[in-house]
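The next block holds one structure in the form of structure tokens; read it before the comments.
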Amino acid sequence: MTSPTLFEPCDLPPATEALRHEVRAFLAEALAGYAPSRLAKSWAEGDAAFTRKVAQKGWIGMTWPKKYGGGERSALERYVVLEEMLAAGAPVCLHWIADRQSGPLILTFGTEAQRQEILPRIVRGEAHFCIGMSEPDSGSDLASIRTRAEKVDGGWRVNGAKVWTSGAHKCHYMIGLFRTDPKAEKHDGLSQFLVDLKTPGITIRPIYNMTGDHDFNQVYFEDVFLPDDRLIGQPGDGWKQVLAELAFERAGPERYMSNYPMIAQLIGACSQDPDPRSAVEIGRMVAQIATMREMSLSVAGMQQSGQDPALQGTMVKELGVTFEQSIPGIAHDLLGREPLLGSGDEFGASLAYVTQASVSFSLRGGTREVVRGIIARGLGLR
Ligand SMILES: Cc1cc2nc3c(=O)[nH]c(=O)nc-3n(C[C@H](O)[C@H](O)[C@H](O)COP(=O)(O)OP(=O)(O)OC[C@H]3O[C@@H](n4cnc5c(N)ncnc54)[C@H](O)[C@@H]3O)c2cc1C
């Protein structure tokens with residue numbers, strides 16, 4: 001069994017209060033014209049003008065070295081910015097993936113030339129990234145992917161397809177996981193590439209989800225030529241890079257705060273006719289949020305001190321997802337409302353969206369069963 005102090009307490013330094021107020025004031029102005037139902041979509045929404053404003057404030061790549069345009073600020077300062085963005089339902093989708101995982105990936109595993117080329121553009125809000133891991137027959141068993149990058153003169157020729165690629169139609173780049181050595185052991189024959197999505201031979205086709213939104217895509221590669229300098233790290237490094245990325249993907253407060261604006265709207269709706277039952281339910285929700293926040297802050301503290309919070313981050317993801325998926329049911333119980341899309345009723349539209357969208361929360365970034373397996377192994381339970 002692991003140590004009982006799995007989550008060390010982590011307090012935000014008092015100096016981050018000024019930053020928090022600055023972010024709140026910025027968001028109050030930047031989001032003034034947004035309808036509440038749009039805020040309920042939170043980080044699934046993208047807005048290029050908003051992303052540029054966030055970049056001008058220095059809030060993308062905050063922790064990265066200054067020589068690549070970063071702010072050399074702490075993981076805890078970044079946490080404060082993230083937390084405020086999520087609490088407000090800010091449309092961070094365009095810069096989110098690059099800030100959270102593609103930029104850190106290039107920083108850790110990329111060449112110096114790749115860092116200099118890409119990181120300053122991410123920081124300026126000009127280079128948006130998507131994740132090309134899943135394939136039509138490979139999701140949880142990611143190491144079984146079949147999209148092939150074959151070595152050719154001066155580069156690699158890619159054939160195959162990626163699926164569920166969030167935001168590919170709005171992005172400039174994909175970090176693509178491809179099989180570079182079909183003869184090697186399943187996990188050893190994989191490599192990641194920096195893919196410019198305008199490269200000839202790439203076709204991006206939309207997939208509409210249950211909410212009617214176009215977030216996902218299927219991305220086809222037909223004889224796509226990628227020059228040698230697009231490889232990240234060494235051939236065969238792909239699996240260890242993916243594991244590092246998934247740790248970034250699972251660790252943040254977005255795993256329990258993606259419904260936050262909807263919770264605020266629910267509390268507002270209940271306060272019009274308060275009763276003991278809604279007080280109990282709201283009290284429970286607040287207690288859960290407070291607990292997960294302490295756990296999530298502990299993860300940020302571990303990142304700040306250079307520790308690996310993969311297990312703790314995965315636990316926050318699982319608890320957060322379970323909490324978020326319970327919110328629509330609680331809202332229906334308390335208010336007895338049917339979700340009505342397009343009814344002109346902002347709370348109804350928010351509830352409709354969250355009811356449908358939250359179903360997918362236990363799939364993205366690793367399914368519930370897979371995540372629980374990782375936690376059980378991490379805790380030494382099996
Ligand atoms: C909102 C959303 C956004 C996404 N965005 C991206 C993206 O941008 N890029 C990207 O590459 N992918 C993305 N995905 C894909 C996501 O990573 C996959 O859906 C996920 O990995 C599961 O893969 P799958 O859909 O093929 O399901 P499968 O792996 O086929 O799983 C089907 C079911 O079987 C269960 N199962 C599978 N293996 C096991 C096991 N060993 N033990 C127990 N149960 C098991 C699963 O838990 C699940 O319930 C996104 C998904 C969602 C929902």
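Structure summary
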quantity	calculated
Given 198/317; 66/170; 41/317; 53/198, the pairs whose alpha carbons are separated by over 23 Å	198/317; 66/170; 53/198
Theoretical ellipticity at 222 nm over the chain - DSSP helices of four or more residues, -39500 (n - 2.57) apiece, nearest 500	-14000 deg cm²/dmol
Antiparallel DSSP beta bridges within the chain, percent to nearest 5	85 percent
Efficiency of FRET between residue 225 and residue 141 - r from beta-carbon atoms, R0 35 angstrom, step 0.05	0.75
Per-peptide average of other Cβ atoms within 10 Å, ordering 99-107, 360-368 highest first	99-107, 360-368
Cysteines (scope the chain) whose Cβ has no counterpart Cys Cβ under 4.7 Å	10, 93, 270
Net length gained if the chain between residue 56 and residue 305 were fully extended (0.36 nm per residue, minus Cα distance)	86.9 nm
Extended-chain gain in nm, criterion 0.36 nm per residue less alpha-carbon gap, residue 8 and residue 367	126.6 nm
Spin-label model distance (nm) - residue 17 vs residue 376, 7 Å beyond Cα toward Cβ	4.6 nm
Set of lysines near residue 186 by C-alpha distance (under 20 Å), chain-local residues within fewer than 8 positions excluded	151, 162, 240
Cβ-Cβ FRET estimate between residue 273 and residue 35, R0 fixed at 30 Å, reported to 0.05	0.80
The chain, Rg to Rh (Cα coordinates; Rh as Kirkwood inverse mean 1/r)	0.96
Span from the the range 1-54 Cα centroid across to the the range 259-309 one, whole angstrom	14 Å
Potential extension, residue 286-residue 113 segment - 0.36 nm per residue separation minus Cα distance	57.6 nm
Value of relative contact order over the chain, rounded to a whole percent, pairs C-alpha under 8 Å and six or more apart	18 percent
Tilt relative to the chain, helix 310-335 - C-alpha long axis, 0 to 90 degrees, to 10	40 degrees
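Every read-out reported here was derived from the displayed coordinates using simple, explicitly stated rules and does not represent laboratory data. Note that this is a predicted model, so its numbers are computed, not measured. Note that each Cβ is placed from the backbone with ideal geometry, even for glycine, and that neighbours are counted across all protein chains shown.
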